[in-house]
């Protein structure tokens with residue numbers, strides 16, 4: 001199946017329903033802030049190997065988590081009750097991206113998809129106040145984290161990593177509770193993983209996902225650096 005080719009001078013995408021069976025919609029374009037924001041607004045995201053043309057995806061079904069469906073396993077509860085980790089937001093965005101890229105998250109052909117171009121592009125969005133990071137600490141060391149971007153009341157998760165057992169889950173659960181308290185309606189997890197499924201994420205039809213994004217366009221985006229309100233106390237389990 002031929003893909004749509006995106007010209008660099010025009011920021012526009014075909015409708016996500018026009019993907020191939022794998023969820024690939026288009027090729028080309030660039031990673032400018034304006035194009036990335038338009039892509040996420042439409043339910044599209046880039047994913048490609050370093051050195052290859054940019055591929056734009058909108059898979060069907062879509063894997064999402066609704067904050068009120070978050071699941072916390074019994075094995076995770078001692079981590080919170082004993083406060084084994086601490087969490088910050090937006091303190092070391094680029095570091096989190098690089099750790100995600102070096103911690104086994106691979107592209108379609110084995111190499112990491114978090115290239116220098118991707119790091120530069122998402123760091124620009126971070127500096128603009130759209131992209132955000134979660135840092136999980138053990139003492140003075142970052143041992144887990146994740147990053148993504150926010151539009152309206154939807155958080156679009158991109159990648160996570162853990163250097164200590166359950167550190168990424170700890171950060172993700174903290175983020176979900178934080179977003180729930182801020183009125184967020186959905187966390188986009190893009191594609192299914194057992195890791196996120198165990199936390200309550202589930203697949204929905206792309207059409208339903210796009211309908212939710214359309215409703216989300218009416219919501220104001222919370223732009224700027226995020227903080228845990230002086231120290232968020234995660235709900236005990």
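We did not get these values from a lab; they are worked out from the coordinates using the rules stated. Everything numeric in this text was worked out from a predicted model, so none of it was measured. Positions of Cβ are generated from backbone atoms using ideal geometry, with glycine treated the same way; all protein chains shown enter the neighbour counts.
Structure above, values below:
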item: Angle in degrees between helix 206-216 and the longest Cα principal axis of the chain, rounded to the nearest 10; result: 70
item: Shape metrics for the chain, restricted to C-alpha atoms - Rg then Dmax, Å; result: 17.2, 54
item: Centroid-to-centroid separation of region 202-228 and region 13-66 [C-alpha atoms, Å]; result: 16
item: Region 1-89: C-alpha pair distances exceeding 19 Å, %; result: 53
item: Degrees separating the helix 116-128 axis from the principal Cα axis of the chain, which is the longest one; result: 70
item: Relative counts (whole %) of C-alpha pair distances in region 174-235, using bins that are 5 Å wide; result: 4, 12, 22, 21, 20, 15, 5, 1
item: Stretchable slack from residue 128 to residue 34, in nm (0.36 nm times residue separation minus alpha-carbon distance); result: 32.7 nm
item: Full-extension gain in nm, residue 138 to residue 117, via 0.36 nm per residue minus C-alpha separation; result: 4.6 nm
item: Over the chain: helical MRE at 222 nm, DSSP H runs n ≥ 4 each giving -39500 (n - 2.57), nearest 500; result: -8000 deg cm²/dmol
item: Cα-based helix-to-principal-axis angle, 167-181 vs the chain, degrees rounded to 10; result: 80
item: Proxy reagent accessibility, fewest Cβ within 10 Å first, across 179, 151; result: 151, 179
item: Compactness index (Cα Rg / 2.2 N^0.38 Å), region 26-71; result: 1.40
item: Cα gyration tensor shape for region 143-218, rounded if a/c is under 1.5, else prolate or oblate; result: prolate
item: Stretch gain in nm, segment residue 163-residue 218, where the contour uses 0.36 nm per residue and the Cα spacing is subtracted; result: 16.0 nm
